[in-house]
Amino acid sequence: MQSTGLLQPDLRIEGRTSFYQEGWPAGRAAGGRVLRESTPVQIDHLLRRAGFGADRETLNEYERLGVDGAIQRLLDYEKVDDPADLIAPPQFSLGLGGQVRNAVAELQQWWLKRMAASKRPLLEKMVYFWHGHLTSAISKVREPELMRRQNEFFRQNALASFDTILKGISRDGAMMVYLDNITNRKQHPNENYARELMELYTLGIGNYTEQDVKESARAFTGWTINRRTGEFTVDQRQHDTGPKTFLGQTGKFDGDGVVDAIVRHPAAGPYLARKLFSFLAYPNPDPEVVQPVSDAYYASGFSIKEMVRAILTSDAFFSERAYRARVKSPTEFILGIVRALGLRPDFNGVPGAMIGMGQVLFEPPSPAGWPGGPVWINTSTWMQRMNFLHLLVNVKPEDASSQPSLLQGMSGKPAEAFVDTLVGLLLDGNISKGSREALLSFAGGRLTPASARDVVYLVLGTPEYQLA
């Protein structure tokens, strides 16, 4: 792992062999059907990547489906009733002014609750992906209601076609404020959105020209929002209806015409395939690994669902290189704990704790989103993770909603069974012999309430647990 220049824990894993000893038969039949036997470790890996982890009951449920069935259920999430839908989203008025900070905290807590409670893990994981890819930040937008609407848009279109998503986000109020398209006028085109649309969101540097940026900006002139309602509108007086030459094509393009040209571009598929694969599997994939994902993009009419299917059913997704290959973001770290331990927190104070871990939901640091990877772990953020764990496992025993279910009724029970159950649930049983012996020695022969909590703390604080 490359150093970030800061003191950080060694996140290399000793002895990954248990992951492979369980059996990962390679090979795929025509049509993409996975020919591998399902194992608990594979299902756990799948639910960490295509979701935020799971408790033992959920893991058992997906294990009964097998890998193929589990992937299909994740992709066909609309067939699953979701209790998260009962968590009512906050409603805000436009123009909150000085009340924005409190409103943002409420918005953050609502989304964390949704991600923790959802029975549609891939849906919320993809909302999280789009939030970090097609970015907007509340510090610039200044309207929590617009940020909420954008979040709901991502949820409604999480696996839609890429052109549908891009046309929608080009009309999104938060995006239009964030990248200044509301000030894009015929006489003075604003190039911010046009540039980021190609540079960061769709094509990448080197696949378009400065003239393409200028022509694209002209196509989006007059696209704005009603300041009273936040709804999309076109000011026809400010829209440039003249001919434009964009990506080698000439026509009287508007924003939709620009999107249509972009999604068909030969660089669009590989660029998005690499982004999605890096998010779901592992960073810096080789071109031949992402080629089938790019092929699925064009063959399916730009379907995100088919791209994700190609990733989740690939041998690369279940390879050694993919296993525990990504450092968990603060969101993934916290939600993984909540879901695995069956907690039901109200998330009060959690957005504040996440600030110290380096992530503020609805406030990505730049249009490029969060850089992720090793930068999530440094001296300061590591201590914040450990402080959070300390508060989590040392709740009052009578607070049943916050008490990890694994701790309930464990006093006096053999420590060895508890340690092995915990390591199996949280680390796939993948821990070195020396680390296991150290945990057993610390716990003693039989558990006390204090030693049980401390063992949970120590396992959650292992380098292995920081990796997804």
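Coordinate-derived values only; no laboratory data. Source: prediction; values computed, not measured. Cβ placement follows ideal geometry from the backbone for every residue including glycine, while neighbour counts extend to all protein chains displayed.
Tell me which trypsin sites (Lys or Arg not before Pro) from segment 252-320 have a DSSP coil assignment and no more than 11 other beta carbons within 10 Å of their own.
Values: sites: LYS252, ARG264, ARG274, LYS275, LYS305, ARG309; in loops: LYS252.
Answer by residue number: LYS252.
Using alpha carbon centroids, what distance separates segment 113-189 and segment 214-272, in Å?
Answer, in whole Å: 17.
Calculate, for ARG436 and GLU231, the FRET efficiency according to 1/(1 + (r/R0)^6) with r their C-beta to C-beta distance and R0 56 Å; round to the nearest 0.05.
E between ARG436 and GLU231, to the nearest 0.05, is 0.45.
Going by average Cβ density within 10 Å per residue, which order do the peptides 228-238, 353-363 take, highest to lowest?
353-363, 228-238
Can you give the extra length, in nm with one decimal, that the chain gains between ILE355 and ARG185 once fully stretched, where that is 0.36 nm per residue apart less the Cα-Cα distance? Could you put the intermediate results ahead of the total?
Numbers: separation 170, 0.36 × 170 = 61.20 nm, distance 3.70 nm.
Length difference between fully extended and current span is 57.5 nm.
Which lysines, on any chain, are close to LYS328 with Cα under 22 Å apart, when same-chain ones fewer than 8 places away are left out?
LYS113, LYS119, LYS125, LYS275
Quick one: Debye curve from the C-alpha atoms of the chain, no solvent, what's log10 I(q)/I(0) at q = 0.07 Å⁻¹?
-0.39
What list of ³J(HN,Hα) couplings, whole Hz, do you get for segment 281-288 from phi and the Karplus terms 6.51, -1.76, 1.60, once you set θ to phi - 60° and write x for glycine and proline?
Result, ordered by residue: 10, 7, x, 6, x, 6, x, 5 Hz.
Can I get the semi-axes of segment 330-466's equivalent ellipsoid? Compute them from the C-alpha gyration tensor as square roots of 5 times the eigenvalues, in angstrom, largest first.
Here the semi-axes work out to 28, 18, 11 Å.
Given just the C-alpha atoms of segment 317-356, how large is their convex hull per residue in cubic angstrom?
So the per-residue Cα hull volume is 80 Å³.
Could you work out the pair-distance distribution P(r) of segment 51-183 from its alpha-carbon pairs, with 5 angstrom bin width and percents rounded to whole numbers?
Taking every Cα pair in segment 51-183, the percentages come to 2, 10, 18, 21, 17, 14, 8, 6, 3, 1, 0.
If you stretched the chain out fully between ALA417 and ASN192, how much longer would it get, using 0.36 nm times the residue separation minus the C-alpha to C-alpha distance?
Stretched out fully, the ALA417 to ASN192 stretch lengthens by 75.2 nm.
Skipping prolines and chain starts, which residues have an amide H placed within reach, meaning under 5 Å, of the one on ILE225, given they are 5 or more residues away or on another chain?
The answer is THR233.
I need two numbers for segment 177-288: Rg to one decimal and Dmax as a whole number, Cα atoms only, in Å.
For segment 177-288, the Cα radius of gyration and maximum Cα-Cα distance read 15.5, 49 Å.
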